[in-house]
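Please read the structure below before turning to the comments.
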């Protein structure tokens, strides 16, 4: 299907485990983003990427790692999950740098 | 730094009532402004946008005008429907950056 997809949609894990959230887009957009959504904070940028093999930190990058070996994929890894990383994670993409972003459906992650 | 402030919710209205959700911003330059909507269990969707002062964005009966003098981008709709119940996010994007900055979101509940 065309668009931007995220997997899994729901994930429960334990403190200390590694978790990878997947994001895939079919538009060949250059720009991709990871946000987390927490009550009272709106959406906060974790990492972003301007192209394959180019990534940079956002507002709240600690505890997260990203990679972008292919334009269409932008996985987010929590190397050692903590309870404070319980959140809803959204991936987004954009074809141009200064324009609207298109969001995936989100992944709800619970860290026990 | 650049920031967006939205009125706190929830905003509860009866069907066909007039809606205003306030949004003000702080920015060092001239941002583009956006309203995104998030329906329950879904990702964010772009509702409308404005890229320069005095522009009016409109979509699905919603409107917002970019007011540079008051640094505001208030969302309005003349007659809300139950299906408009959602969380609404105001966001800005600076010319010099491709990172969206979001407000904390305002939940709208429309009762029949």
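Just checking: which of the strands (runs of 3 or more DSSP E) contained wholly in the range B:1-98 hold 3 or more residues that are within 25 Å of residue A:39 (Cβ to Cβ)? Let's see the steps before the verdict.
Details: elements: B:3-6, B:11-14, B:19-21, B:23-26, B:32-38, B:44-50, B:56-59, B:62-65, B:75-77, B:86-93.
Counting at least 3 such residues, we get B:3-6, B:11-14, B:19-21, B:23-26, B:32-38, B:44-50, B:86-93.
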Study note, to complete from the structure: Taking the range B:40-55 and the residues there that are more than 15 Å from the chain's Cα centre (by Cα) and within 11 Å of chain A (Cβ to nearest Cβ), the one that is farthest from residue A:5 (Cα to Cα) would be B:41
Check your understanding: Among the residues of the range A:52-73, is any within 14 Å of chain B (Cβ to nearest Cβ), surrounded by 15 or more Cβ atoms within 10 Å (Cβ to Cβ) and farther than 30 Å from residue B:7 by Cβ?
Key -> yes
Review point. Based on what the data block shows, is residue B:45 closer than 27 Å to residue A:50 by Cβ and either in contact with a helix residue (DSSP H, G or I) (Cβ under 9 Å, 6 or more places away or on another chain) or buried (at least 17 other Cβ atoms within 10 Å of the Cβ) (or both)?
Key: no
Check your understanding: Among the numbered criteria (1) farther than 14 Å from residue B:108 by Cβ; (2) within 13 Å of the chain's Cα centre (by Cα); (3) within 14 Å of chain A (Cβ to nearest Cβ), which single criterion is violated by residue B:86?
Key -> (1)
**Study point:** Answer from B:57, B:1 - the residue that is farther than 30 Å from residue A:9 by Cα and touching a strand residue (DSSP E or B) at 6+ places or on another chain (Cβ under 7 Å)
**Key:** B:57
Study note, to complete from the structure: Going through the range A:74-92 in order, the residues found to be over 12 Å from residue A:47 (Cα atoms) and away from chain B (no Cβ under 11 Å) are A:78, A:79, A:80, A:81, A:82, A:83, A:84, A:85, A:86, A:87
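To keep it simple, each residue is scored yes or no on (1) more than 14 Å from chain A (Cβ to nearest Cβ); (2) within 23 Å of residue A:106 (Cα to Cα); (3) out of contact with any helix residue (DSSP H, G or I) (no Cβ under 8 Å at 6 or more places or on another chain); (4) surrounded by 15 or more Cβ atoms within 10 Å (Cβ to Cβ).
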residue	(1), (2), (3), (4)
B:12	yes, no, yes, no
B:18	yes, no, yes, no
B:23	no, no, yes, yes
B:32	no, no, yes, yes
B:38	no, yes, yes, yes
B:57	no, no, yes, yes
B:73	yes, no, yes, yes
B:77	yes, no, no, yes
B:95	no, no, yes, no
Practice item. Read through the list (1) buried (at least 16 other Cβ atoms within 10 Å of the Cβ); (2) more than 13 Å from the chain's Cα centre (by Cα); (3) closer than 26 Å to residue B:34 by Cβ, then give the number of the only condition that residue A:90 fails. Key: (2)
Point to revise | Sole exception among (1) buried (at least 20 other Cβ atoms within 10 Å of the Cβ); (2) at pLDDT 95 or above; (3) under 18 Å from residue A:101 (Cα atoms) for residue B:66, by number | key: (3)
Point to revise | Residue ranges of strands (runs of 3 or more DSSP E) in the range A:1-108 with at least 1 members modelled with pLDDT of 95 or more and in contact with a helix residue (DSSP H, G or I) (Cβ under 7 Å, 6 or more places away or on another chain) | key: A:76-78
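The values are calculated or read from the model by the stated rules, or taken from the named source; none is laboratory data. The structure presented is a predicted model; accordingly, all values stated were derived computationally and were not measured. So basically every Cβ, Gly included, is an ideal-geometry build from the backbone, and we count neighbours across all protein chains shown.
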